[in-house]
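What follows is one structure encoded as structure tokens, with my remarks underneath.
Since every read-out is calculated from the coordinates, none of them should be taken as a lab result. Since we're looking at a predicted model, the values are computed, not measured. As a convention, Cβ positions derive from the backbone with ideal geometry for all residues, glycine included, and neighbour counts pool all protein chains shown.
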Amino acid sequence: MIEVRGLKKSIRNGSRTVEILRGIDLVIPAGQFVAIMGASGSGKSTLLGLLAGLDSPTEGDVVLDGVAIGRLEEDKLAEVRGSKIGFVFQSYQLIPTLTALENVMLPHELNARGDSRAKATSLLGEVGLRDRMEHYPVQLSGGEQQRVALARAFMLDPPIVLADEPTGNLDSSNGQHVLELLTTRQRQAQATLVMVTHDPAIAARADRQIHLRDGVVVADELAVVGAR
């Protein structure tokens, strides 16, 4: 479902070139839950951004469900993102002038046709927010906002879901709830889930853990069957 080929990312900082990713090769099969771990500055969020097509590699390529995205023109890239990727951000990234229901409907409005209200309502019901659909983000708690973001990520049944520290801004109770909802929905949809996290307890629930250090993969481990 995801293939990473010789991926490198560097940026210019004055006269210096800073290498963020220094050559990464990965294959992630369909339906796998992968946790990306590493210290601050290891390159994990940069890697996730490249997988999402939110940034372009310096070298190498990312292939999503058979489509190489590294050099796509922006309109084609937007089409791939809209059809193949759901993204859950640490900071929710909800549109403040839209209700919870309208935020969840947004991917459908931008990328598909037909009535999206019934499905958005169903998804909000799944995350326990049926009675909060007409509330705006400012009227929702952090945990509620992240549940809206989670419902939005699955609106178009994407084969790939990318999550960047999705519980990072939540207390332990809300974080656990969001994680349960995310992993349950991922299994039901048989989606490929790639999650950046610094929490070993969260990573332990994944099918696979990939550890980065200084822009390279230093460990790539499958979970022991029956351990999760």
Next on the checklist: Which residue fluctuates most in the GNM of the chain (Cα springs below 10 Å): 139, 186, 32?
Outcome noted: 139
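Which peptide among 64-72, 205-213 comes first, and what is the full order, when sorted by highest mean count of other Cβ atoms within 10 Å? Provide the component values of the computation, followed by the final result.
On the way: 64-72: 15.7, 205-213: 19.0.
Order by mean packing, descending: 205-213, 64-72.
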Next on the checklist: Given a 10 angstrom Cα cut-off, can you work out which residue in 74, 126, 59 is the most mobile in a GNM of the chain?
Outcome noted: 74
Checklist entry - GNM on the chain, C-alpha springs below 10 Å: top fluctuator among 161, 80, 34? => result 80
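Of all the C-alpha pairs in region 151-228, what % are more than 14 Å from each other? Mind dumping the intermediate values first?
Numbers: 1988 of 3003 pairs.
Result for the distance tail: 66 percent.
When 224, 196 are ordered from fewest to most other Cβ atoms inside 10 Å of their Cβ, what list results? Mind showing how you got there, number by number?
Numbers: 224 7, 196 24.
Listing 224, 196 from fewest to most nearby Cβ atoms yields 224, 196.
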Item to check | Cut-off 15 Å (backbone N to label point 7 Å along Cα→Cβ of residue 110), residues of region 48-77 | outcome: 52-55, 74-77
Checklist outcome for this item: Over all viewing directions the Cα convex hull of region 15-72 casts an average projected area in nm² of 4.9
Checklist entry - For residue 129, what charge total do you get from the other residues with a beta carbon under 12 Å from its beta carbon, if Lys and Arg give +1 and Asp and Glu give -1? => result 0
Checklist outcome for this item: Within the under-10-Å Cβ sphere about residue 65, not counting residue 65, Lys/Arg +1 and Asp/Glu -1 give a net charge of 0
Checklist entry - In what sequence do 45, 122 fall when counting other Cβ within 10 Å, fewest first? => result 122, 45
Item to check | Lys, Arg +1 and Asp, Glu -1 on Cβ, resulting dipole of region 80-215 about Cα centre, debye, nearest 20 | outcome: 380
Next on the checklist: Using a Cα-Cα cut-off of under 16 Å, which aspartates and glutamates could be cross-linked to residue 119, ignoring same-chain neighbours fewer than 8 residues away?
Outcome noted: 102, 109, 131, 134, 157
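To the nearest 20 Debye, how big is the dipole of region 35-86 about its Cα centre, given +1 on the beta carbon of each Lys and Arg and -1 on that of each Asp and Glu?
Values: 5 positive and 8 negative charges, 45 e Å.
For region 35-86, the charge dipole is close to 220 debye.
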Checklist entry - Amide H to amide H, which residues 5 or more places from residue 192 or on other chains are under 5 Å from it, using H placed in the peptide plane? => result 31, 160, 161
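Run the helix sum for the chain: -39,500 (n - 2.57) per DSSP H stretch of 4+ residues, divided by residue count, reported at 222 nm to the nearest 500 deg cm²/dmol. Kindly include the intermediate steps, with their values, before the conclusion.
Values: 7 runs with 75 residues, N = 228.
Helices in the chain give a 222 nm mean residue ellipticity of -10000 deg cm²/dmol.
Counting DSSP beta bridges with both partners in region 38-193, what percentage is antiparallel, nearest 5?
About 25 percent, rounded to the nearest 5.
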Checklist entry - Can you tell which of 66, 54, 43 lies farthest toward the positive end of the dipole of the chain, using +1 and -1 charges on the Cβ of basic and acidic side chains (Lys, Arg; Asp, Glu)? => result 43
Checklist entry - Along the positive direction of the dipole of the chain (beta-carbon charges: Lys, Arg +1; Asp, Glu -1; about the Cα centre), which of 145, 11, 182 reaches farthest? => result 11
Checklist outcome for this item: The size of the Cβ-based charge dipole (Lys, Arg +1; Asp, Glu -1) of the chain about the Cα centre, to the nearest 20 debye, is 160
Checklist outcome for this item: Quotient of Cα radius of gyration and Kirkwood radius for region 42-131, i.e. Rg/Rh, equals 1.03
